[in-house]
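Worksheet: one structure, shown below.
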Amino acid sequence: MKKVAIFCDNLNVGGIQKSLINLLNNFNFKGYNIDLFLFEKNNFFQNKIPSNIKITYLNKFPFITKFMYFNIVKFIFKNKFNFNGYDVAIDFDSYQNYTALGAISTNAKRKIMWIHNDVVEKRKSEIKYRILHHFFKSKYKYFDEFVGVSDGVIEPFKKLNKINGAKFTVIPNYIDTNEILNSCHEKINFDVDSNTYNIVSVGRLCHQKGFDILISEIERLLEYRSDFHLYIIGDGNEKKKLTKIVNQKKLNSYITFLGNQKNPFVYMNKMDAFVLMSRYEGQGMVILEAKTLGLNIFIPKHLEKYVEDIKGYDDPIYELSKATKKEKIKDKLDDYNNNIIVSFERLLGGKND
């Protein structure tokens, strides 16, 4: 039996958390003993964790440790964790000192870190991340391997942190198409106007996701057509700012905020198209979720490198101006997901006899 320890900050709303849940729910654990270590008990996805996975809740480090060099944190908390006997330890979060220290404190034969974002672009656009990266970047030397969720995240991470390229593997995020297709027909008290071209965008309302860009582009779309409506699913720290922009531009008749939804797929399934204008991504799972539902997809060219087999456009809004309703053909992404499971098992080293 191969023993695997996985460390993640929490299972609240987010792409990292959804990626982990999808993987855990679709991997065959026969021959594996998986322990999941979390640092928050209030978890959005708690009821979706497979019953054969043991969950242990740990305490976070004091806030001040975010602004201490990792080697100092490691010294101070050297006796914080005592987990032995693991073959593989994974820091699935990669942003927190305590998830990294948990993984390396297992003394596992192989220690692996997941990379979920284009860290070079993140450093450019977020001063908070530039500061945090300065303090925690020394943790990377303690890991044997790194997994990037797309080709687009590996090269920038490798260059920024001067890490040997041989340590990297690409394993995209598993998309739970069965969950999507089973839940997309749930009955809800919501509908759209069948006479309009209905567009959806999904994500955290934050700088990275570029909803401010999207709203400005929707204003430009009005120069071409008015028979459309944009629905935005998600919440975040830019909610007030974005609603203010919509009010100032008098776009309330064309844009509706739906907030966080436990089942976004039932809303997405009512739409004709999906659009995303992120400044950068890690992979952009929601793009493939839209593909699963058969939506027409509009993303800019610079997002192509983060998600395979999805075409980007030089001017997505111009393409939206010409778009018409079409038959939506669902896609179970069988080959895509099967390759992920094979890659994950290979990463873990296969089952012990």
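Overview of results
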| item | result |
| --- | --- |
| Only one of I112, I131 that is in contact with a Phe, Trp or Tyr (Cβ under 8 Å, 6 or more places away or on another chain), touching a residue at least 40 places away in the same chain (Cβ under 8 Å) and in a strand (DSSP E or B) | I112 |
| Matching entry among I310, I287 (being in a loop (DSSP other than H, G, I, E, B), surrounded by 14 or more Cβ atoms within 10 Å (Cβ to Cβ) and in the same structural domain as I213 (by TED's automatic domain parsing)) | I310 |
| The one condition in (1) assigned to a strand (DSSP E or B); (2) farther than 17 Å from G284 by Cβ that I218 fails to fulfil | (1) |
| Residues that are in contact with a Gly (Cβ under 7 Å, 6 or more places away or on another chain) and of a type outside the set (D, E), drawn from the range 313-351 | K328, I329, K330, K351 |
| Test: I287 is closer than 27 Å to L222 by Cβ and touching a Leu at 6+ places or on another chain (Cβ under 7 Å) | yes |
| Selected residue (criterion: nearest to I233 (Cα to Cα)) from residues of the range 9-24 that are of a type in the set (A, V, I, L, M) and not in a helix (DSSP H, G or I) | V13 |
| R204 being under 24 Å from Y280 (Cα atoms), in the same structural domain as L295 (by TED's automatic domain parsing) and outside any loop (DSSP other than H, G, I, E, B) | no |
| Restricting the range 64-100 to residues that are among the polar types (S, T, N, Q) and within 27 Å of the chain's Cα centre (by Cα), the residue that is farthest from F7 (Cα to Cα) | T65 |
| Some residue of the range 146-158 being over 23 Å from V307 (Cβ atoms) and surrounded by fewer than 20 Cβ atoms within 10 Å (Cβ to Cβ) | no |
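The values are calculated or read from the model by the stated rules, or taken from the named source; none is laboratory data. As the structure is a prediction and not an experimental result, all values here were calculated from the model. With ideal geometry, Cβ positions are generated from the backbone for all residues, glycine too; neighbour counts draw on all protein chains shown.
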